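This report concerns only the one structure given below.
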Amino acid sequence: IRDRDPTGFLAQLLAIGLAMLVSIPLIASHEELSGAIAPLSVSLLIGAFVFGAAMQIADGCGSGTLYKAGLGNGFSLAVLPGFIAGSFLGAAHLDRWLALGSLPPVSLPEHLGVGATLILQVAALGAIGAWLWRNRKKTDTRWKGRAIYVGAVLLAVFAVLNLLVAGQPWGIVYGLGLWGAKIATWLGADLAANAYWGREVQQVHLNSSLLTDVTSVTNLGLLMGALIAANVRGNARPATEASGKQWLVAVITGLVLGYSARLAFGCNVGAYFSGISTGSLHGWVWLAAAFAGSFVGIPMRERLGLKS
């Protein structure tokens with residue numbers, strides 16, 4: 001946003017578009033597959049906006065925090081515990097936020113049909129990409145290399161594979177919240193009466209191994225993959241030099257990230273990427289609200305003296 005460099009965003013749009021072209025027809029033709037469909041609620045608007053601001057302060061979203069923590073980035077290692085706690089608490093309080101107002105989930109393929117949804121969303125992604133390209137910083141016309149676009153294609157492929165293997169789209173936040181709930185239970189908390197964690201399916205997850213939860217497995221894979229890559233390349237990052245105030249900011253920001261992500265039914269992966277690529281209207285609402293929040297988060301990060 002600040003540098004008006006759309007390269008990363010364009011790669012995201014490419015990945016979403018490619019995943020969408022395969023995922024939506026698959027879900028429509030296979031009842032055992034489900035999309036990332038969520039309600040249009042007040043909590044979605046507030047959560048996505050706050051998340052957009054907080055991820056700029058943290059210099060990473062859910063997947064970004066896991067990746068950078070795996071690399072050994074000290075700041076992200078401080079953000080992660082807060083994210084876990086926030087995800088747990090956000091889920092525990094979600095029913096209260098939904099009581100503020102909520103519309104039913106909108107699956108575009110169910111309302112418009114698969115073909116019309118694909119055409120509409122491809123056009124929307126293309127329009128956003130064209131606008132970003134037109135408004136880029138004209139002084140920097142260098143080709144950034146193809147690696148980021150190769151990565152986008154691979155991301156789309158793995159997202160589809162996740163859908164096929166797990167029966168659900170790729171997500172991040174639920175797994176982190178589950179880790180927090182397990183820690184709370186281990187510390188003696190009784191979650192049986194909670195509106196979210198007391199549900200039968202959640203109680204099953206709480207009493208089962210983390211390795212039986214798909215989202216936890218992919219989260220652990222992301223952490224381990226980053227750790228292995230950093231050690232293979234020999235660029236594992238030492239602890240970040242920061243003041244006591246900045247470490248406190250990291251933990252608090254992580255808490256806000258996790259909490260707001262639960263209110264918004266996911267982060268960049270679960271709500272934005274998987275939401276749009278499986279035809280959920282809430283994914284588009286999340287994108288708009290989080291993008292607006294980013295304009296608040298960027299100057300806040302600079303005022304806090306945090307480096308990218």
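Every number here is computed from the coordinates shown, using simple stated rules; none is lab data. Here the structure is a predicted model, which is why all the values come from computation and not from measurement. Every residue, glycine among them, receives a Cβ derived from its backbone with ideal geometry; neighbour counts consider all protein chains shown.
In this simple spin-label approximation, Leu161 and Ser34 carry label points 7 Å from Cα along the Cα→Cβ vector, and these lie 2.4 nm apart. For Lys68, the aspartates and glutamates whose Cα falls under 13 Å of its own Cα, not counting residues fewer than eight places away in the same chain, are Asp59.
Here's the list of aspartates and glutamates a cross-link from Lys137 could span, going by alpha-carbon distance under 16 Å and ignoring same-chain residues fewer than 8 apart: Asp3, Asp5.
Think of the stretch 7-303 as a dipole: +1 on every Lys or Arg Cβ, -1 on every Asp or Glu Cβ, centred on the Cα centre; then among Ala116, Ile148, Gln203, Ile148 lies furthest on the positive end. Peptides 132-138, 54-60, 284-290 ordered by packing proxy, namely the average of other Cβ atoms within 10 Å per residue, highest first: 54-60, 284-290, 132-138. Computed on the chain, with alpha-carbon pairs under 8 angstrom and 6+ residues apart, the relative contact order is 45 percent. Each helix, a run of at least 4 DSSP H residues, gives -39500 (n - 2.57); summed and divided by the residues of the chain, these come to -22500 deg cm²/dmol at 222 nm. Would you please classify the overall shape of the chain from the alpha carbon gyration tensor, given that a ≥ b ≥ c denote the square roots of the eigenvalues, rounded means a/c under 1.5, and beyond that prolate means a/b larger than b/c while oblate covers the rest? In terms of gyration-tensor shape, rounded.
With θ taken as phi - 60° and the Karplus curve 6.51 cos²θ - 1.76 cosθ + 1.60 applied, the whole-hertz 3J(HN,Hα) list for the stretch 58-68 is 7, 6, x, 8, x, 5, x, 5, 4, 4, 6 Hz, x standing for glycine and proline.
Averaging 1/r over every pair of different alpha carbons in the stretch 118-177 and inverting the result gives a Kirkwood radius of 14.6 Å.
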